[in-house]
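Notes for the one structure printed next.
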Amino acid sequence: MHLSEFKKPQDIYVVINYLKGIDKKINIMEVCGTHTMAIAKSGIKSLLPPNIKLISGPGCPVCVTPSEEIDAVLELCKNNKNLIITTYGDMIKVPGSKPNESLERLKAQGQDVRIVYSALDAVDIAKENKEKDIVFLGIGFETTTPGTILALEEAINQKINNFYIYSMHKLVEPALRALLEQPDFDIDAFLCPGHVGAVIGEEGFEFLVKEYNKPSVICGFEAGDILIAIYKIVNQILNNRVELENEYKRVVKKEGNKIIKNKVETYFKVSDDLWRGLGLIQNSGLKLKDEFKEYDASKKFNITLKQSNINSACKCGDVIKGKIEPTICPLFGKVCTPENPVGPCMVSSEGACAAYYKYLVF
Amino acid sequence: MHLSEFKKPQDIYVVINYLKGIDKKINIMEVCGTHTMAIAKSGIKSLLPPNIKLISGPGCPVCVTPSEEIDAVLELCKNNKNLIITTYGDMIKVPGSKPNESLERLKAQGQDVRIVYSALDAVDIAKENKEKDIVFLGIGFETTTPGTILALEEAINQKINNFYIYSMHKLVEPALRALLEQPDFDIDAFLCPGHVGAVIGEEGFEFLVKEYNKPSVICGFEAGDILIAIYKIVNQILNNRVELENEYKRVVKKEGNKIIKNKVETYFKVSDDLWRGLGLIQNSGLKLKDEFKEYDASKKFNITLKQSNINSACKCGDVIKGKIEPTICPLFGKVCTPENPVGPCMVSSEGACAAYYKYLVF
Amino acid sequence: MCLAVPLKVISIEGNTAQAEIEGVKRTIRIDFVKNVNVGDYVIVHAGFAIEKLKEEDAIENLRLIKEVTDALK
Amino acid sequence: MCLAVPLKVISIEGNTAQAEIEGVKRTIRIDFVKNVNVGDYVIVHAGFAIEKLKEEDAIENLRLIKEVTDALK
Amino acid sequence: MDDIITLSYGSGGKKTSHLIEDIILPSLSCDELNKLSDGAVLDVFSNKIAFSTDSFVVSPYFFPGGDIGKLAVCGTVNDLSVCGAKPEYLSLSLIIEEGFKIEELKKIIKSIEETSKICNVKIVTGDTKVVEKGKGDGIYINTSGIGRLIYEDLGKDKISEGDAVIVTGCIGDHGAAIMASRNNLVDEFNVKSDCAPVYELAQCILQYGDKVKIMRDPTRGGVATTLNEFVENSEFTIEISEEKIPINVETNNLCEILGIDPLYSANEGKILAIVDSSVAENVVNDLRKIELGKDAAIIGYVTKNFPSKVVLHTNLGGKRVLSKLTGAQLPRIC
Amino acid sequence: MDDIITLSYGSGGKKTSHLIEDIILPSLSCDELNKLSDGAVLDVFSNKIAFSTDSFVVSPYFFPGGDIGKLAVCGTVNDLSVCGAKPEYLSLSLIIEEGFKIEELKKIIKSIEETSKICNVKIVTGDTKVVEKGKGDGIYINTSGIGRLIYEDLGKDKISEGDAVIVTGCIGDHGAAIMASRNNLVDEFNVKSDCAPVYELAQCILQYGDKVKIMRDPTRGGVATTLNEFVENSEFTIEISEEKIPINVETNNLCEILGIDPLYSANEGKILAIVDSSVAENVVNDLRKIELGKDAAIIGYVTKNFPSKVVLHTNLGGKRVLSKLTGAQLPRIC
Ligand code: SF4
Ligand code: SF4
Ligand SMILES: [Mg+2]
Ligand SMILES: [Mg+2]
Ligand SMILES: [Mg+2]
Ligand SMILES: [Mg+2]
Ligand SMILES: [Mg+2]
Ligand SMILES: [Mg+2]
Ligand SMILES: [Mg+2]
Ligand SMILES: [Mg+2]
Ligand SMILES: [Mg+2]
Ligand SMILES: [Mg+2]
């Protein structure tokens, strides 16, 4: 299959040249961090006229994890010496509410923290370390939740009793709704993440069009996909159309992935959840159902969130809401760098601040 | 106090010169490894005429530990991954019955084996490693048993429940009796270890004189002590006297240390025990009494000894019995060296073979 | 973290499959996708397939892109 | 392993004492020796005292050695 | 500044620079060290020699395309080569973890032997330490090396506008091979580490005398980080074209699967050179005649458009900054 | 031969020799390395330089009398000095364990700075690696060094019957200080490590030109092991007198308490030298004028009585063999 053609489709220059000629002010939110990075790395921003703005949304799992959750995880480590924390990479650098505290630092000081590339790896670690308690930090949206489910099923089937999930999984839709409800929300259209679309289906993004009247295009992650999707958005706006288009037809179907949807319902219950920058959003998080409480780290270790004060100068919240570009933050590039991040948007390899710092500040 | 005077007493040359002039064949057994080393390091052998022979006896704790015990300890490690073995240094190099097996090798492969300088250190390790089981290997004679008792009392008083003693402690007297009963035993007199004397008292060595008619001198560990004691032995033999003399008057009293003797009776029961080279000797070992079985590694871990075949060419048994000098062993210095010891006499820093190899082969 | 990589399935055993892209083979889980066959392409995240990627859909996708570029030429 | 080192007691707390020899101080246990006082010499093994070492006994010991050497002179 | 060392300080990227510039240089500053080049150029008896050191802690110590022994020899030989020297003598210092298999040690020594023969260097002095189990990771190796300086006028100060940037072959293979051999991330990866001596390539480039401005082997931190080292604190920009960068499709695929940028992936048998543009084509043509240089390419030029920055022109014609490696992309690759 | 490495292989004694002679030399044999001396003497542009390397893994890395930084500088400076060279340039390579305190690193770097100033050497090239927690022990340091050879005719082959054996001061202090600072073995020990540069002492001895046969710094394995290295595989014997050996009474006491022989305890600021007996007294008198050499003494002579052996004449007039260190007396002392 000629999949590489999507990276640089034939004659894509005509699209680029067309977009360069647009002078209408259009604010497009790319919901997801994967898009943020693909855009930054392909240099797409440098190809667009300044009036077409791509603004990062709340779709970076690390970025939206609130400092209260980080604090709770750090606290958990300190109180349980017999623990192995397993997590996707970026999480270990996220600072909690206190400066100089992160999983990376606890690891450097001897806490067993292991980076996994798949939730199933965490189960393997549990099997190899019977005398330890293994906690997997479940973060991310519709695309990572299935990985956590696989791990949970594996633990259940293999009767592994030293494996616990701390679910911080979140849903994209409630977050977008919360954003859209904000009075000063200034986004004209959405670039919808194709992998989330693969799970929730085209129908999962219809509310953007039907309820909020925003042109939206479901989009793949190759540079060609993104340019075509931007074109489609521009085209809708110029023609006063408001539609949900699917640029990522090769993957995203109307109803999405029913197996995943069903399994999410089997194992998780929807609950109110805390988001960095966005605060408490109703029905925006996924927690393990009570029937699976023996695998639930929050039950086993009695994890509770404590109010925390984060560095007030960090504008991550505004960045996630698409209100400001990272460079507006007074800490950007001075106090806050990927080496010494103040907020999670600078930590995550998919974070908007990191993308600006690494790729976009000439 | 002028304790250094014992290292080289004034006019000690007259004793040396006197001894050099003796032409009678006299075989003296230095019972204890500490004496073996003091003799080797001070060069005393080179000062004696060839007819006065100093022969190492069964008084090196490491040397007399049978391969069956080593095998049992190695087996224990292999079956219990959660173990910390604590032991005095030389023990870790002693090979079991299989080549290429020792605590040192298990340690190099990841087993937690810790060298302690005092049995109490093992208790501290137990306190610092609550989630592990700590086994202290109790080896040695009347002088090391008190250390094990201190550790046991500490564990009892502090209610430490992850500390276990594997007692391989032995008694000097039954071993000497076993030797003396051998038909071809060719020793004329005994140099008795002063530190053992401090515990068992002069009276503890009287059987040598009264029952076996062997001139015996209790002796300290400075070179001067040893020369004077040898003189006293020679003097007895030349004058056909058979007495127990106490050269180490500054330390050794008639009845020895009653506190230690009582405590040994409190905690230990005398039992038959297996000695390297000497086989099973009745009432020669000390095992923990049943009342202390919760601290007894042999009970906790169900340690049993299995018949083992040691390298048949190793003459350790004969060395310990004083029948041969180490250099007679065909393996000495060729196959068997301190780097790759075949028998425990080459392992122990107090072993007769090691003493010969390191100090006496010009 | 949320990479969407298309891989070709080269062998299947229960819910586990081996998938490849030129020069690289990896083990993936296919619990969430029905009727995966050897030779199929799947979109893989953190170790599991989230969707099949059919040849005809990719061609259709490319055709739609070509529609755009053709329209602008 | 079984070294017999004479050390001077410089402080005592219960069954624990600090003992020294020129340049070196170490903690020892004195459970097994009665009436240990600061200033006393003790013979120490693997961390515990097995006996006191009295000045007069040491002098007597040296005198006995001198007896031997004198006799041989 | 942090108060403890974390893995990022060993990445070869920004934190490694902080460590060196904020903690080591203020104390140990001298002209030679301050240059922070691959090796120091020294006057000994008024002759010039190059002197370089590296410790190798790669995990796993046997990897596709080589092992820690080969790497340790190539690493220092390469540092000397890009200094413009002919590598002659190496020291060899081993830190071995208790429990290490003698069989594996023999293999590593064999590999050191073979590599040093290929490189025509002699190992003339050494050291061996053993650390307890759990205080190392099998084996760490330091090599230090001495070479006779053949061409001495290399340096950042020679770079000028219009110069061409050359890479001697496909990038990122070492980092990718190490990554692939860790953690069962992938079952199979067809590319081997590029670990190899670059002396011949360096000599080929140095034929062009003062047209050669600077050379460096883009190891930890990859091509992106090394290019940044060339222009940081200068008025110059390096602008490179994504489509010109030689890269194995397999390496590219692996990087895509693992979410890694091959421009930050380590190389152990490549040179990045800046040469006068007048000779750039010839240099590349010469390099391509050598097996190790067959994929050599001009990947960009020196400009003054964005001072002190490296800029990447993407396949689509967009551009973005290529900063130094931040964080620890993958620890213990060399 | 074992099939795995145990700590004894790092003791500096017999097992270390086996490791080097049976595993490393057969592969890497060359004239310079085969000498197994403190450093290699090399021809570069037909001038002679000395080149030496050592990795330092001492535990604890701060110890009475110094730290790993001071030790790392002195260690290589001393190796060069006893080769007959003037130490000039050092490389510095750090292997740091994740979690290491920056504060401690700064102290160590400070100490490297101070020591290298005292030694009048420049640190001209370096490297930094970071390993995961549990894959190191705080910090390991490699230094390699280059010196200009001043006197080149040193070597075992120069030793002849009747030569005198000189030690430049009290023995065993470094090993004793390290031992005392470990494991709460003792509460207090008054002696510090002798860690110091011996360049001045070496120069003092080298004044005597071809009357000086060989020098070495008796580090790991102590005086006994180094003396054995002088005579092994030769027709000569070294016979030393216990009563002539300078030793601090405190060090002696500590060794007695811990059951250690000070002749096997490491030194880090001493030279063992073999010189023609005609100049031995003068050498010692000159050495004593230097603070570091104030306890210098002739401790013995070269004979042919027991070929390849070192023999100790004890205080009582007896004699015994003094063999190379066997086993690991104390790991990680340097
Ligand atoms: S630059 Fe740093 S402090 Fe500012 S918004 Fe981004 S993450 Fe927060
Ligand atoms: S030399 Fe070795 S084999 Fe022979 S008796 Fe002694 S310990 Fe046993
Ligand atoms: Mg995402
Ligand atoms: Mg004894
Ligand atoms: Mg380099
Ligand atoms: Mg280097
Ligand atoms: Mg290098
Ligand atoms: Mg060395
Ligand atoms: Mg040396
Ligand atoms: Mg050296
Ligand atoms: Mg050295
Ligand atoms: Mg380097």
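The values are calculated or read from the model by the stated rules, or taken from the named source; none is laboratory data. Nothing here was measured: the structure is a model prediction, and the numbers come from that model. Every residue, glycine among them, receives a Cβ derived from its backbone with ideal geometry; neighbour counts consider all protein chains shown. These area figures cover heavy atoms from the full protein model, side chains too; ligands, DNA and RNA do not enter into them. Shrake-Rupley method; radii C 1.70, N 1.55, O 1.52, S 1.80 Å.
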- Message: As an exercise: evaluate C:Glu67 against (1) open to solvent by 50 Å² or more (accessible area, probe 1.4 Å); (2) facing another protein chain (nearest Cβ under 9 Å) and give the number of the one condition it does not meet.
- Response: (2)
- Query: How many of the residues making up region A:287-310 are in contact with a strand residue (DSSP E or B) (Cβ under 9 Å, 6 or more places away or on another chain) and open to solvent by less than 80 Å² (accessible area, probe 1.4 Å)?
  - Reply: 11
- Query: Can you name the helices (runs of 4 or more DSSP H) wholly within region E:20-129 that have at least 3 residues being more than 16 Å from ligand 4 (Cβ to nearest atom) and over 21 Å from E:Tyr151 (Cα atoms)?
  - Reply: E:25-28, E:68-82, E:102-119
- Note on the structure: Across region A:23-42, the tally of residues that are in a loop (DSSP other than H, G, I, E, B) and closer than 19 Å to C:Ile65 by Cβ stands at 0
- Message: Tell me yes or no: at least one residue of region A:98-112 is in contact with a Leu (Cβ under 8 Å, 6 or more places away or on another chain) and touching a residue at least 60 places away in the same chain (Cβ under 8 Å).
- Response: no
- Taking into account only those residues within region B:322-333 that are open to solvent by 30 Å² or more (accessible area, probe 1.4 Å) and more than 14 Å from chain F (Cβ to nearest Cβ), which is farthest from the chain's Cα centre (by Cα)? B:Pro330
- Can you spot a residue in region E:74-92 that is within 7 Å of another protein chain (Cβ to nearest Cβ), more than 16 Å from E:Gly138 (Cα to Cα) and over 20 Å from the mean Cα position of the chain (by Cα)? no
- Starting from region E:260-289, keep only residues that are part of a helix (DSSP H, G or I), then list their pairs with residues that are among the hydrophobic types (A, V, I, L, M, F, W, C) and open to solvent by 20 Å² or more (accessible area, probe 1.4 Å) whose Cβ atoms are within a distance under 7 Å, requiring at least 6 positions of separation or different chains. E:Pro262/E:Ile247; E:Ala280/E:Ile298; E:Val284/E:Ile298
- Cross-chain or 6+ apart pairs with Cβ under 9 Å, region F:38-54 first and on the phi > 0 side of the Ramachandran plot and at the interface with chain E (Cβ under 7 Å from one of its Cβ atoms), then more than 13 Å from ligand 8 (Cβ to nearest atom) and of a type outside the set (S, T, N, Q): F:Phe45/E:Val44; F:Phe45/E:Phe45; F:Phe45/E:Lys48; F:Phe45/E:Ile49; F:Phe45/E:Arg148
- Residue pairs qualifying under the 7 Å Cβ cut-off, at least six apart or on distinct chains, with the first in region C:22-47 being closer than 21 Å to E:Gly259 by Cβ and acidic (Asp, Glu) and the second being modelled with pLDDT of 95 or more and open to solvent by less than 50 Å² (accessible area, probe 1.4 Å), are C:Glu22/E:Glu250
- Using the structure shown, decide if E:Gly175 is at positive phi, open to solvent by less than 10 Å² (accessible area, probe 1.4 Å) and within 21 Å of the chain's Cα centre (by Cα). no
- Picking from F:Leu325, F:Leu316, the residue that is buried (at least 21 other Cβ atoms within 10 Å of the Cβ), outside any strand (DSSP E or B) and more than 19 Å from the chain's Cα centre (by Cα) would be F:Leu316
- Has region B:265-280 got at least one residue that is at pLDDT 90 or above and over 23 Å from the mean Cα position of the chain (by Cα)? no
- Task: Confirm whether F:Lys101 is surrounded by fewer than 22 Cβ atoms within 10 Å (Cβ to Cβ) and either touching a residue at least 40 places away in the same chain (Cβ under 8 Å) or more than 8 Å from chain E (Cβ to nearest Cβ) (or both).
- Result: no
- Message: Please count how many residues of region F:55-70 are open to solvent by 10 Å² or more (accessible area, probe 1.4 Å) and either facing chain E (nearest Cβ under 10 Å) or within 16 Å of ligand 3 (Cβ to nearest atom) (or both).
- Response: 1
- Item | First in region D:52-63 and more than 7 Å from chain B (Cβ to nearest Cβ), second anywhere and modelled with pLDDT of 95 or more and open to solvent by less than 40 Å² (accessible area, probe 1.4 Å), Cβ under 7 Å, 6 or more apart | D:Lys52/D:Val33; D:Lys52/D:Val36; D:Lys52/D:Asp40; D:Lys52/D:Val42
- Task: Tell me, yes or no, whether region E:109-117 has at least one residue that is among the acidic types (Asp, Glu), touching a helix residue (DSSP H, G or I) at 6+ places or on another chain (Cβ under 6 Å) and either open to solvent by 10 Å² or more (accessible area, probe 1.4 Å) or within 16 Å of ligand 2 (Cβ to nearest atom) (or both).
- Result: yes
- Query: On the given criteria, is A:Val31 touching a helix residue (DSSP H, G or I) at 6+ places or on another chain (Cβ under 9 Å), crowded, with 19+ Cβ neighbours inside 10 Å and within 14 Å of chain E (Cβ to nearest Cβ)?
  - Reply: no
- Selected residue [among the β-branched types (Val, Ile, Thr), in contact with a helix residue (DSSP H, G or I) (Cβ under 8 Å, 6 or more places away or on another chain) and open to solvent by 50 Å² or more (accessible area, probe 1.4 Å)] from F:Val73, F:Val41: F:Val41
- Query: B:Val135: open to solvent by less than 10 Å² (accessible area, probe 1.4 Å) and within 11 Å of chain D (Cβ to nearest Cβ), yes or no?
  - Reply: no
- Message: I'm trying to understand the selection: among the residues of region C:11-34, which are over 27 Å from E:Asp261 (Cβ atoms) and either in contact with a Lys or Arg (Cβ under 8 Å, 6 or more places away or on another chain) or of a type in the set (A, V, I, L, M) (or both)?
- Response: C:Ile12, C:Asn15, C:Thr16, C:Ala17, C:Ile30, C:Phe32, C:Val33
